[in-house]
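The values are calculated or read from the model by the stated rules, or taken from the named source; none is laboratory data. Since this is a predicted model, take the numbers as computed values, not measurements. Because the Cβ atoms are built from the backbone with ideal geometry, glycine has one as well, and the counts that use them run over all protein chains shown. Side chains are part of the model used for accessible areas, which takes the heavy atoms of the whole protein and leaves out ligands, DNA and RNA. Shrake-Rupley method; radii C 1.70, N 1.55, O 1.52, S 1.80 Å.
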Amino acid sequence: MKRRHFLMATAATCGVALWPEARLLAQQAQDFIEGPPVKDIPAKQLSPHVWMIFSPDGFPTPENRGMMSNVIFVVTTAGVVVIDSGASLQIGQMAIRMIRKVTDKPVVAVFNSHYHGDHWLGNHAFVKAYGKQLPIYALSSTIDKLKGAEGNLWRSLMERWTNQSTLGTEVVLPNTIVKPGQVVRIGDVSFRMHHYGTAHTPSDLCVEVVEDKLTAVGDIAMGNRIANMDEGSYAGTFKYYKALMAAAGEQLWVPGHGQGSKDLLMTYGEFMAGIWEPCLQAVKDGKSESDARSMVLKDPRVAARAKTMQGFDGNIGKYISLAYLEAEKDAF
């Protein structure tokens, strides 16, 4: 923005009109500094209060400009509540455009499910549009993580993965702590907080929209994408699912990646078990990680996903290794 203003000021100082070439240069400078806009993805209504801007892609690329995770929003009588704001300023701005096609109510709150950048870097757009006083809710562990190097790391990674399409995005941290079991009432809608230990990460917040029997589960389960488990736990994931289902009952489970369904935790849990259980058995039988890999790939719960799941070929080996290492720790 400063460079653009400098170009225009220089032209004015010289007493000349801003030539087409200069205008083009100024526009290119603006595009470079802030990155290009993200194409509109119309929101689809999931329940009486809840809408979702669906991302068909599971991983960031220069082509999708970082649009890799769903943005969920809830229309209440008091205003709009956003659950996960996207991976950049530009994605957040697109989400605001889509929200305004649904309602003229302002955004009055944002929830961030965890500290991975595709779920919170869009905070910048909402604070820019609605003010720094906008409540942005998250678990204390998420906020603590982002106060360190993690926040800027994710901003830099997203720029690199998208060939700098997300430039201009600023790190805007959550500013309001929520606790497991807490209910936040906004207008005519109640939001119940769920957290049951380490699953995808140690800081996974699931947000239940009580009146709609719908829960945004972040990345603890995914529709058709293999989840990052570098900081997670397979055993913890199954414990989390059990506790969450017991606490919330029957729900439409809506993930950060993929479409929601009432059986999402069951079907994704089956896939995860197809990785975990063979690894656990291999460790018990004294077999190698290579043996465990063969067992996993032959497991029908995993084999059924091999041809269709996003990121399967590039990631399954790594996540078998992580499962095997965790199984070894559990065994000893």
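Observations on the structure shown:
- Of all the residues in segment 48-100, those that are among the hydrophobic types (A, V, I, L, M, F, W, C), assigned to a loop (DSSP other than H, G, I, E, B) and over 16 Å from the mean Cα position of the chain (by Cα) number 1.
- The conditions of being among the aliphatic types (A, V, I, L, M), in a helix (DSSP H, G or I) and within 22 Å of Gln259 (Cβ to Cβ) are not met by Met158.
- Applying the condition of being more than 20 Å from Gly232 (Cα to Cα) and touching a residue at least 24 places away in the same chain (Cβ under 8 Å) to segment 267-292 and asking which residue is least open to solvent (accessible area, probe 1.4 Å) yields Ala282.
- Qualifying residue in segment 250-260 (condition: buried (at least 20 other Cβ atoms within 10 Å of the Cβ), small (Gly, Ala, Ser) and in contact with a His (Cβ under 9 Å, 6 or more places away or on another chain)): yes
- Residues being among the hydroxyl-bearing types (Ser, Thr, Tyr) and open to solvent by less than 10 Å² (accessible area, probe 1.4 Å) - total across segment 92-127: 2
- Hey, Ile316 open to solvent by less than 10 Å² (accessible area, probe 1.4 Å), out of contact with any Asp or Glu (no Cβ under 9 Å at 6 or more places or on another chain) and assigned to a helix (DSSP H, G or I) or not: yes
- Residue-level analysis places Glu150 among those that are modelled with pLDDT under 95 and either surrounded by fewer than 16 Cβ atoms within 10 Å (Cβ to Cβ) or under 27 Å from Pro60 (Cα atoms) (or both).
- Residues being touching an Asp or Glu at 6+ places or on another chain (Cβ under 6 Å) and either on the phi > 0 side of the Ramachandran plot or assigned to a helix (DSSP H, G or I) (or both) are represented in segment 320-328 by at least one member.
- Comparison of Lys242, Lys287 shows that the only residue that is more than 19 Å from the chain's Cα centre (by Cα) and in a loop (DSSP other than H, G, I, E, B) is Lys287.
- Taken across segment 123-144, residues that are of a type outside the set (A, V, I, L, M), more than 19 Å from Val254 (Cα to Cα) and part of a strand (DSSP E or B) do not occur at all.
- Across segment 272-283, a minimum of one residue is classified as at pLDDT 95 or above and within 22 Å of the chain's Cα centre (by Cα).
- Options Asn123, Asn112; residue that is touching a Phe, Trp or Tyr at 6+ places or on another chain (Cβ under 8 Å) and within 22 Å of His200 (Cβ to Cβ): Asn112
- Residue in segment 192-215 that is in contact with a Leu (Cβ under 8 Å, 6 or more places away or on another chain), over 19 Å from Tyr137 (Cβ atoms), in contact (Cβ under 8 Å) with a residue 24 or more places away in the chain and surrounded by fewer than 17 Cβ atoms within 10 Å (Cβ to Cβ) present: yes
- Condition check for Phe73: out of contact with any Ser or Thr (no Cβ under 8 Å at 6 or more places or on another chain), open to solvent by 10 Å² or more (accessible area, probe 1.4 Å) and hydrophobic (A, V, I, L, M, F, W, C): no
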